[in-house]
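Enquirer: Okay, handing you the structure first.
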Amino acid sequence: MFEVKKEEYVNKTFRLPIELVEKMEIIAQNEKVSLNNLVVQCCEYSIKNLKQKK
């Protein structure tokens, strides 16, 4: 059965370099996703692929 799921979000403020934001805005626009969605995906990917220190 189809179930509608809603993600919970929290508002946080981060300072990012202008050049990085500009690049991400272009990528988000080209991929037709929101900038927020792109940032979430980038963070999730980075955490998932983070090398663990021993």
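Enquirer: Express the accessible area of the chain per residue in Å², computed with a 1.4 Å probe while the remaining protein chains stay in the model. Mind showing how you got there, number by number?
Expert: Details: 6250 Å² over 54 residues.
That works out to 116 Å² per residue.
Enquirer: Next up: Mind checking the full-extension length gain between LYS53 and GLU19? Use 0.36 nm per residue of separation minus the Cα-Cα distance, one decimal, nm.
Expert: 9.3 nm
Enquirer: With a 1.4 Å probe and all protein chains left in place, how much of the accessible area of the chain comes from carbon and sulfur atoms, in whole percent?
Expert: Result for the chain: 55 percent of the exposed heavy-atom area is carbon or sulfur.
Enquirer: So what is the diffusion coefficient of the chain in µm² per second by Stokes-Einstein at 10 °C and 1.306 mPa s, using a Kirkwood Rh over Cα pairs?
Expert: 117
Enquirer: Right, something else. Given R₀ = 25 Å, FRET efficiency for GLU31-LYS6 by Cβ-Cβ distance, to 0.05?
Expert: After rounding to 0.05, the efficiency reads 0.65.
Enquirer: To continue, here is another question. Nothing charged except the Cβ atoms of Lys and Arg (+1) and of Asp and Glu (-1): what's the magnitude of the dipole of the chain about its Cα centre? Round to the nearest 20 debye. Kindly include the intermediate steps, with their values, before the conclusion.
Expert: Details: 10 positive and 8 negative charges, 87 e Å.
Approximately 420 debye in magnitude.
Enquirer: For a quick check: with amide H placed at 1.01 Å from N, whose amide H comes under 5 Å from VAL33's, ignoring anything fewer than 5 positions away on the same chain?
Expert: Residues meeting the amide H criterion: none.
Enquirer: To continue, here is another question. Using DSSP to call loops (not H, G, I, E or B), can you name the GluC sites (Glu not before Pro) in the chain whose Cβ has at most 11 other Cβ atoms within 10 angstrom? Walk me through the numbers on the way to the answer.
Expert: Values: sites: GLU3, GLU7, GLU8, GLU19, GLU22, GLU25, GLU31, GLU44; in loops: GLU3, GLU7, GLU8.
Hits after loop and neighbour filter: GLU3, GLU7, GLU8.
Enquirer: What list of ³J(HN,Hα) couplings, whole Hz, do you get for region 14-29 from phi and the Karplus terms 6.51, -1.76, 1.60, once you set θ to phi - 60° and write x for glycine and proline?
Expert: Here the 3J(HN,Hα) series is 10, 9, 10, x, 3, 4, 5, 4, 4, 5, 5, 4, 5, 4, 4, 5 Hz.
Enquirer: For LYS51, go through the lysines and keep the ones whose alpha-carbon is under 26 Å away, minus same-chain ones fewer than eight residues off.
Expert: Reachable lysines: LYS12, LYS23.
Enquirer: While we're looking at this one, here's another question. Please identify the chymotrypsin sites (Phe, Trp or Tyr not before Pro) of the chain that satisfy two criteria: DSSP loop assignment and at most 16 other Cβ atoms within 10 Å. Which are they?
Expert: Working: sites: PHE2, TYR9, PHE14, TYR45; in loops: PHE2, TYR9, PHE14.
Those satisfying the criteria are PHE2, TYR9, PHE14.
The values are calculated or read from the model by the stated rules, or taken from the named source; none is laboratory data. It should be emphasised that the depicted structure is a prediction, and the values quoted were computed from it without experimental measurement. We place every Cβ from the backbone using ideal geometry, glycine too, and count neighbours over all the protein chains shown. Accessible surface is based on the protein model in full, side chains and every heavy atom, while ligands, DNA and RNA are left aside. Shrake-Rupley method; radii C 1.70, N 1.55, O 1.52, S 1.80 Å.
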